[in-house]
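Any read-out appearing in this document is the output of simple, stated calculations on the displayed coordinates, not a laboratory observation. The structure displayed is predicted, hence computed values, not measured ones. Virtual Cβ from ideal backbone geometry, glycine too; neighbours counted across all protein chains shown.
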Amino acid sequence: MPEIGPSLVLSVLLGIFWTAAAVLVRGAAGARLPFVLLLAVTGTWAGDAVGGRIGGAFDLLRVGDFRLIPASLGAIGGIVLVVVLSVLGPTRPEPGPPGADR
């Protein structure tokens with residue numbers, strides 16, 4: 001049976017934390033919540049990997065080999081991406097009476 005590395009588990013936990021913080025700040029996430037969570041976890045995992053390559057100031061706050069600062073920045077970047085795409089994306093027209101011109 002393959003082992004699950006600690007970076008994946010910590011990425012999921014930190015992604016859930018930043019998703020909860022984003023929902024707390026915005027008030028609601030609606031149908032975007034699964035996408036926010038998915039991109040927060042993916043951004044956290046990618047941020048940790050990029051932080052490991054860059055090193056330097058990103059290695060200040062760590063849990064074992066997991067870098068919290070770049071992982072948090074990755075999660076926030078993923079959440080911002082979902083929010084920006086949802087604002088810029090198409091919207092549904094409001095239903096009106098039949099035959100009414102808009």
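Against the main long axis of the alpha-carbon atoms of the chain, helix 68-88 sits at an angle near 10°. With respect to the chain, whose longest principal axis is taken over its alpha-carbon atoms, helix 6-26 is tilted by about 40°.
Legend: ranking of residues Thr19, Thr42, Thr91 from fewest to most surrounding C-beta atoms inside 10 Å; resulting order Thr91, Thr42, Thr19. Between 0 and 90 degrees, the angle of helix 33-54 with respect to the longest Cα principal axis of the chain falls at about 30 degrees.
All Cα-Cα separations within the chain were binned at 10 Å from zero, giving a P(r) of 16, 37, 24, 12, 6, 4, 1, each value a whole percent of the pairs. I need the Debye-formula profile for segment 28-87: one equal scatterer per C-alpha, no solvent, reported as log10 I(q)/I(0) at q = 0.18, 0.20, 0.22 1/Å, two decimals. Here the Debye-derived log intensity ratios amount to -0.58, -0.67, -0.75.
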